[in-house]
Structures are given as C-alpha cells and as structure tokens.
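Colleague: Mind having a look at this structure? Questions to follow.
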Amino acid sequence: MTNRKRLDLSWLFLMVLTLSGALMGEYAHPGFWVTLSVAVITAVKGRLIIDEFMELGDASPAIRRTVRIFGLLVPSLILLTWFFGPQLARWTQLPDSILK
C-alpha cells in the first residue's frame with residue numbers, strides 16, 4: 001500500500017471514530033460502557049496520530065515507546081475519572097474560606 005493511500009485510510013478512520021464519538025456524546029446515556037468506549041476511541045485515535053501523522057512508527061524504539069505511553073495517559077485519566085470522580089472533585093475543590 002502506498003504511503004498516500006495509507007494516510008488517506010488513516011484519516012478516513014479518524015473521521016469515522018470522531019463521528020462515532022460525537023454521536024455517542026449526543027445520544028448515549030452516561031455509563032461505564034460509554035466511558036470505556038470513549039477511552040478506547042481516544043487511545044486508538046492517539047495511536048493513529050502518533051504512528052501515521054507524527055510518523056513515529058519508524059522512530060527509534062525509545063522515542064516511539066515514550067510517546068505511545070504518553071498517548072495512553074488521556075484514556076487512562078478518562079477511566080480514572082469515571083472510577084474516582086467524586087474523590088477527584090473533593091481533592092480539587094476550593095476551600096469555603098477562599099470562596100467567601
């Protein structure tokens with residue numbers, strides 16, 4: 001497959017993932033499975049962007065691994081927010097003394 005065709009297919013797949021995420025945001029009811037789907041879509045999109053558009057698929061293994069691990073940070077945070085949302089809200093809330 002030529003590089004141009006591969007980029008075109010990657011872009012098309014990114015658009016499909018983006019539209020599916022937008023449809024989920026519009027019509028899906030919040031829940032664990034929707035959150036998991038959003039995290040998976042985010043991870044797949046990040047990996048595609050890293051490998052195809054940033055061209056790190058052929059970079060040195062150390063750089064490629066570092067950026068791929070960083071790309072998994074956001075999906076991990078999405079899931080952590082689902083599991084520990086109320087606790088995170090308490091940790092990041094301003095004290096009442098500051099608000100008055």
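Colleague: Kindly provide the Kirkwood hydrodynamic radius of the chain in Å, to one decimal, from all pairs of distinct alpha carbon atoms.
Modeller: Values: mean 1/r = 0.0629 Å⁻¹.
Here the Kirkwood hydrodynamic radius works out to 15.9 Å.
Colleague: Given Cβ point charges of +1 (Lys, Arg) and -1 (Asp, Glu) and nothing else, what value in debye, to the nearest 20, does the dipole of the stretch 3-99 about its Cα centre take? Intermediate results must be reported in sequence, preceding the final value.
Modeller: On the way: 9 positive and 7 negative charges, 56 e Å.
Here the stretch 3-99 has a charge dipole of around 260 debye.
Colleague: Anything in the chain that counts as a DSSP H helix reaching 20 Å or more along its axis (C-alpha) with Kyte-Doolittle mean of at least 1.0? List them, would you?
Modeller: Those that clear 20 Å and a mean of 1.0 are 32-48.
Colleague: Next up: Efficiency by 1/(1 + (r/R0)^6): what FRET value for SER20 and ILE63, r their Cβ-Cβ distance, R0 = 35 Å, to the nearest 0.05?
Modeller: Values: r = 30 Å, r/R0 = 0.86.
Calculated transfer efficiency: 0.70.
Colleague: Here's another thing I want to ask about it. What would the Debye formula give as log10 I(q)/I(0) at q = 0.13, 0.21, 0.26, 0.27 Å⁻¹ for the alpha-carbon point model of the stretch 2-58, no solvent?
Modeller: -0.38, -0.78, -1.00, -1.05
Read-outs: derived from the displayed coordinates by stated rules, not from any lab. None of the values given here were measured: they were computed from a predicted structure. Glycine also receives a Cβ, built like all others from the backbone with ideal geometry; neighbour counts cover every protein chain displayed.
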